[in-house]
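Q: Below is a structure I'd like to ask you about.
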Amino acid sequence: MGFRKDFLWGGATAANQVEGGVFEGGRGLANVDLMPYGSERYSVGTGMKHSSRIEEGVLYPSHTAVDFYHHYKEDIGLFAQMGFRCFRMSIAWTRIFPKGDETEPNEEGLKFYEDVFLECRKYGIEPLVTICHFDCPMHLVETIGGWRSRKMIDHYVRLSRVLFERYKGLVRYWLTFNEINMILHFPFVAAGLKFEEGENRYQAMITAAHHELIASAIVTKLAHKIDPENMVGCMVAAGSYYPETCHPNDYWKALCDNRETYMFIDVQSRGYYPPYALKWIEGKNAVIPFKDGDEDILKQNTVDFISFSYYSSRVSSAEPDKGKQTESNIFASVVNPYLESSEWGWQIDPLGFRITINELYDRYQKPLFVVENGLGAKDVIEEDGSINDEYRIDYLRRHIQAMKDAVDLDGVDLLGYTTWGCIDLISNGTGEMEKRYGFIYVDRDNLGNGTMKRMKKKSADWYRQVIESNGEKL
Ligand code: BG6
């Protein structure tokens with residue numbers, strides 16, 4: 001058995017975390033360009049601290065990132081050496097529409113991505129494109145409040161139409177929004193939301209989520225119309241919640257926490273808000289800003305496949321204050337005493353991966369695509385120039401085995417696997433460079449110093465063998 005013959009092995013990135021070149025090619029400014037390095041990053045990302053312009057003396061890691069903008073040929077060449085069959089990347093919206101509301105796209109931006117896709121095709125690498133991976137034009141944040149405005153739907157649909165038409169035949173796999181459930185955790189990053197003191201934040205987040213869900217459904221239809229070969233997926237930050245104990249209260253809490261993730265896929269995959277979601281929203285004193293026709297749009301345009309990121313399982317407790325919390329800011333959870341943790345306090349749980357995959361497949365019975373998984377760790381360059389990242393190999397080996405079990409032993413239909421940050425990139429959560437995920441090392445530090453030179457790590461060769469053997473040689 002094993003993985004399907006055409007299994008899409010590869011790696012994943014996002015524009016704002018790799019490209020740099022923020023002031024080149026006519027690109028406009030986006031929310032992600034205002035995410036600072038340092039202690040204020042979290043409060044800006046959650047929309048609590050407002051940031052509208054670039055400030056002197058502040059480091060914004062996305063501005064140079066790892067300069068994929070100028071290194072893409074070299075980088076894709078390195079991916080090809082590892083045998084990648086797929087490369088997940090995202091479009092920087094403001095390269096195509098610098099302000100977001102123009103009627104005509106920026107040709108230089110379109111050309112850049114066309115060149116990137118052609119470079120992939122040269123090596124037989126299938127691009128998997130996230131239309132929106134945490135970026136929103138700053139002009140739209142400032143003028144209409146980001147995704148709290150329904151006008152965002154038109155702007156997003158215009159962007160998508162341009163992409164589908166221009167890249168027809170070059171790109172077949174599309175994801176509408178990266179980790180759409182991130183709206184509830186990092187809302188400035190996920191939806192360009194800034195909050196006023198005392199406002200019902202849930203109302204703004206639910207409004208933005210509804211707009212993104214409608215936009216996602218509209219462009220799913222559009223993608224199919226422009227090219228029936230197109231496959232469109234939704235994307236969530238997954239990782240099942242376990243109850244801290246077998247106390248029914250803990251089990252109930254875990255069920256509710258899991259629903260917070262499912263809620264989004266339920267709409268995108270089944271085509272309607274499930275009753276528990278409607279009640280949850282009501283309980284937050286919020287309303288979904290439904291307009292005539294919305295229900296039909298959702299119902300008639302569900303996704304072709306379900307994609308997700310998985311880094312760790314999580315733990316729910318009815319009394320979370322009693323337990324020790326993990327260090328991760330965005331998805332903090334109660335610490336699971338049975339698991340080890342990464343240097344950043346992310347818990348490592350390969351069986352949790354198999355559990356998550358199964359829970360998603362049981363629920364939706366649609367093909368799944370793992371589009372992010374990996375270990376953020378510090379790497380050391382030895383005197384001879386080698387980088388022996390055995391810990392990364394170990395993490396990936398165990399996770400790929402778990403994924404294989406889900407396919408072989410549980411019968412899950414899996415389309416592919418792209419590891420996160422196949423080339424070192426800027427961390428979304430912390431803005432650090434030293435939290436490295438890659439098979440390819442990039443010489444750049446947290447403060448932006450370095451030559452940007454690329455070097456293969458030990459894991460690159462290991463992953464090449466994994467792909468070559470279609471997951472048999474781990
Ligand atoms: C996901 C995002 O949340 O996790 C990525 O889609 C992100 O953009 C990744 O980089 C890993 O998180 P971090 O905080 O280590 O970069």
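Q: I need the shape label for segment 53-107. Rule: rounded when a/c is under 1.5, else prolate if a/b > b/c, else oblate, with a, b, c from the alpha carbon gyration tensor.
A: oblate
Q: Right, here's the next one. Ranked highest first by average number of other Cβ atoms within 10 Å, how do 48-54, 172-178, 68-74 line up?
A: Numbers: 48-54: 13.9, 172-178: 24.1, 68-74: 17.3.
Peptide ranking by packing, descending: 172-178, 68-74, 48-54.
Q: Based on Cα coordinates alone, diagonalise the gyration tensor for segment 395-440, multiply each eigenvalue by 5, take square roots, and list the semi-axes in whole Å, largest first. Don't skip to the answer; put the middle values down first.
A: Working: eigenvalues 156, 20, 16 Å².
So the equivalent ellipsoid measures 28, 10, 9 Å along its semi-axes.
Q: Moving to a separate point now. Would you work out which of F308, L118, F164 lies farthest towards the positive end of the dipole of the chain, given +1 charges on the beta-carbon of Lys and Arg and -1 on that of Asp and Glu, about the Cα centre?
A: The one lying farthest along the dipole's positive direction is F164.
Q: Okay, next question. Quick one: which of 244-252, 135-143, 258-266, 341-349 comes out on top by average Cβ neighbours within 10 Å, and what's the full order, highest first?
A: Averaged packing, sorted descending, gives the order 135-143, 258-266, 341-349, 244-252.
Q: Can you give the translational diffusion coefficient of segment 180-224 in µm²/s, computed by Stokes-Einstein from the Kirkwood radius over Cα pairs at 37 °C and 0.692 mPa s?
A: Details: Rh = 11.2 Å.
Approximately 292 µm²/s, per Stokes-Einstein.
Q: List every DSSP H helix in the chain whose Cα atoms extend 27 Å or more along the helix's own long axis and whose mean Kyte-Doolittle hydropathy is at least 0.0. Mind showing how you got there, number by number?
A: Numbers: long enough: 201-226 (37 Å, 0.39).
TM-like helix candidates: 201-226.
Q: Still on this structure, please answer the following. Explain nothing, just the number: dipole magnitude of the chain about its Cα centre with +1 on each Lys and Arg Cβ and -1 on each Asp and Glu Cβ, in debye rounded to the nearest 20.
A: Values: 54 positive and 69 negative charges, 172 e Å.
Computed charge dipole of the chain: roughly 820 debye.
Q: For R314, enumerate residues with amide H under 5 Å from its amide H, sequence gap 5+ or separate chain, H modeled in the peptide plane.
A: S240, Y241, Y242
Q: Further, regarding this structure: For the pairs K221/K366; K299/K404; K378/K456; K5/K404; K73/K225; K49/K284, flag any whose C-alpha to C-alpha distance is greater than 25 Å. Please report the intermediate quantities before stating the final value.
A: Details: K221/K366 18 Å; K299/K404 33 Å; K378/K456 15 Å; K5/K404 13 Å; K73/K225 32 Å; K49/K284 23 Å.
K299/K404; K73/K225, as the Cα separations exceed 25 Å there.
Q: Tally Lys/Arg at +1 and Asp/Glu at -1 over every other residue whose Cβ is under 11 Å from the Cβ of N31; what's the total? Please list the in-between numbers first.
A: Working: positive: K194; negative: D33, D135, E142.
Spelling it out: positives minus negatives among the neighbours equals -2.
Q: Counting heavy atoms of the protein chains only and a 1.4 Å probe, report the per residue accessible area for the chain as a whole number of Å². All intermediate terms of the calculation are to be shown ahead of the outcome.
A: On the way: 18370 Å² over 474 residues.
Ligands and nucleic acids excluded, the figure is 39 Å² per residue.
Q: When DSSP beta bridges are limited to those with both residues in the chain, what percentage is antiparallel, rounded to the nearest 5?
A: Numbers: 8 of 45 bridges.
Taking every DSSP beta bridge with both residues in the chain, the antiparallel ones total about 20 percent.
Q: Net charge near A377: determine it from the other residues with C-beta under 13 Å of the C-beta of A377, scoring Lys and Arg +1 and Asp and Glu -1.
A: Details: positive: K378, R392, K435, R436, K457, K458; negative: E340, E343, D379, D389, E390, D394, D424, E432, E434.
Counting the neighbours of A377, the net charge comes to -3.
Q: Let me spell out the model: positive unit charges on the Cβ of Lys and Arg, negative unit charges on the Cβ of Asp and Glu, origin at the Cα centre of segment 86-237. What dipole size does that give, in debye rounded to 20? Don't jump to the answer; show the numbers that get you there.
A: Numbers: 18 positive and 20 negative charges, 75 e Å.
In total the dipole reaches around 360 debye.
Q: Find the all-direction average of the projected area of the Cα convex hull for the chain, expressing the result in square nanometres with one decimal place. Intermediate values should be presented prior to the final figure.
A: Values: hull surface 85.4 nm².
Spelled out: convex hull of the Cα atoms, projected over all directions, averaged, 21.3 nm².
Q: Then there's this: How much of the accessible area of the chain, in percent, comes from carbon and sulfur atoms when a 1.4 Å probe is used? Spell out each step's value before the answer.
A: Working: 9210 of 18370 Å².
Answer for the chain is 50 percent, counting heavy atoms of protein chains only.
Q: Principal axis lengths of segment 198-313 from Cα atoms, whole Å, largest first?
A: Computed over the Cα atoms, the extents are 51, 33, 24 Å.
Q: Run through segment 402-464 and list the trypsin sites (Lys or Arg not before Pro) located in a DSSP loop whose Cβ has at most 16 other Cβ atoms within 10 Å.
A: Values: sites: K404, K435, R436, R444, K453, R454, K456, K457, K458, R464; in loops: K435, R444, K453, K457.
Answer by residue number: K453.
The values are calculated or read from the model by the stated rules, or taken from the named source; none is laboratory data. These figures come from a predicted structure and were not determined experimentally. Note: ideal-geometry Cβ built from the backbone for every residue, glycine included; neighbour counts use all protein chains shown. The area values use the complete protein model at the heavy-atom level, side chains included, leaving out ligands, DNA and RNA. Shrake-Rupley method; radii C 1.70, N 1.55, O 1.52, S 1.80 Å.
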